[in-house]
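**Q** Once you've had a glance at the structure underneath, I'll fire off some questions.
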Amino acid sequence: MNALRRNILKSAGATGIVAMAAAAGLLKSGNVLAAWNSSAFAAKTVPEAIKDLGLSTPADSKAISIKAPDIAENGAVVPVEVTSSIAGTTGIAIFAEKNATPLITDFKLSNGAEGFISTRIKMGQTAMVRAVVTAGGKTYTAAKEVKVTIGGCGG
Amino acid sequence: MAEPMKMRASVSGDVADIKVLMNHPMETGLRKDAKTGQLIPAHFINEVHATVNGKPVLDAQWGGGVSKNPYLGFKVKGAKAGDKVEVSWKDNKGESNKVDGVVA
């Protein structure tokens, strides 16, 4: 009797968990993001990473501005600000072109989030900081050179 | 691990300016320990999500190229004072943290 009760409780608990997992799954599928894109983050070049992100080859655009220092003394902390004035910007990806793995971040924006991201990145050496913006299914890009005095990726 | 995050959200016009500071070592997995010469295992935030009043506004995937103790600033149009903002992260070891606040 007791064992039976226990089993029933157990199975009830299990279905509860499954239902919760399904609900979580449903919520996730409504989201733009899938699992962490390990291939894009492991890509060794910017074009490879862009391809792995599932984006088309971007066109240069003057509507994207990148604010970053001309010379960064410490490559471990390089402030980068990307502003896209392209209407309907839904994605901003940031790359440091000469890092071992150039892709740094991939942002998806929705529900009123503006085409603006401010963050701090690591740079191994002097390189172009590139932003790739997605808007209306098209991709646009701009880049700015940052000279790095001390690299921020080594030990 | 989960040290507190800091967030400030202020509104000017109809745009909320949200700034977040997270505490995290952000190890790329490529760095060597100076003493032992061994690689330090990768440990970095790889997912960041933000919501305003429960609606997702920002979903990000990060690599190890984001600086230690990451800073993130973003702007949300159509927000007003009193809106609830929540920002959460997850790292490659499954640790997570979140912070919530109100637009001021």
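**Q** Just one of A:Ala143, A:Ala63, A:Ala68, A:Ala93 is on the phi < 0 side of the Ramachandran plot and open to solvent by less than 10 Å² (accessible area, probe 1.4 Å); which is it?
**A** A:Ala93
**Q** Condition first: under 16 Å from B:Lys19 (Cα atoms), of a type outside the set (Val, Ile, Thr) and either over 10 Å from the mean Cα position of the chain (by Cα) or within 8 Å of chain A (Cβ to nearest Cβ) (or both). Now tell me which residues in the stretch B:83-104 satisfy that.
**A** B:Asp83, B:Lys84, B:Glu86, B:Asp100, B:Gly101, B:Ala104
**Q** Considering only the stretch B:66-78, I want to know if a residue exists there that is of a type outside the set (A, V, I, L, M, F, W, C), over 10 Å from the mean Cα position of the chain (by Cα), more than 8 Å from chain A (Cβ to nearest Cβ) and open to solvent by 50 Å² or more (accessible area, probe 1.4 Å).
**A** no
**Q** Continuing with the same structure: Restricting the first residue to the stretch A:87-109 and requiring it to be at the interface with chain B (Cβ under 7 Å from one of its Cβ atoms), which pairs with a second residue that is surrounded by fewer than 24 Cβ atoms within 10 Å (Cβ to Cβ) and acidic (Asp, Glu) meet a Cβ separation below 6 Å and a spacing of at least six or different chains?
**A** Pairs that qualify, where the first residue is at the interface with chain B (Cβ under 7 Å from one of its Cβ atoms) and the partner is surrounded by fewer than 24 Cβ atoms within 10 Å (Cβ to Cβ) and acidic (Asp, Glu), are A:Lys108/B:Asp59.
**Q** With the condition kept exactly as written, say whether any residue in the stretch B:29-43 is at the interface with another protein chain (Cβ under 8 Å from one of its Cβ atoms) and closer than 20 Å to A:Leu103 by Cβ.
**A** Looking through the stretch B:29-43, at least one residue is at the interface with another protein chain (Cβ under 8 Å from one of its Cβ atoms) and closer than 20 Å to A:Leu103 by Cβ.
Per-residue answers, yes or no, for (1) closer than 24 Å to A:Phe41 by Cα; (2) modelled with pLDDT of 95 or more; (3) open to solvent by 70 Å² or more (accessible area, probe 1.4 Å):
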position: B:Arg8; (1), (2), (3): no, yes, yes
position: B:Leu30; (1), (2), (3): yes, no, yes
position: B:Ile45; (1), (2), (3): yes, yes, no
position: B:Leu58; (1), (2), (3): yes, yes, no
position: B:Lys90; (1), (2), (3): yes, yes, yes
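**Q** Within the stretch B:10-28, can you find the residues that are part of a strand (DSSP E or B) and open to solvent by 60 Å² or more (accessible area, probe 1.4 Å)? It would help to see each step written out before you state the result.
**A** To start, the set of residues in the stretch B:10-28 that are part of a strand (DSSP E or B) comprises B:10-12, B:15-21, B:27.
Answer for the stretch B:10-28, where residues must be part of a strand (DSSP E or B) and open to solvent by 60 Å² or more (accessible area, probe 1.4 Å): B:Ser12, B:Lys19, B:Leu21.
The values are calculated or read from the model by the stated rules, or taken from the named source; none is laboratory data. None of the values given here were measured: they were computed from a predicted structure. Glycine also receives a Cβ, built like all others from the backbone with ideal geometry; neighbour counts cover every protein chain displayed. For the accessible areas, the whole protein counts, side chains as well, though only heavy atoms, and no ligand, DNA or RNA atoms are used. Shrake-Rupley method; radii C 1.70, N 1.55, O 1.52, S 1.80 Å.
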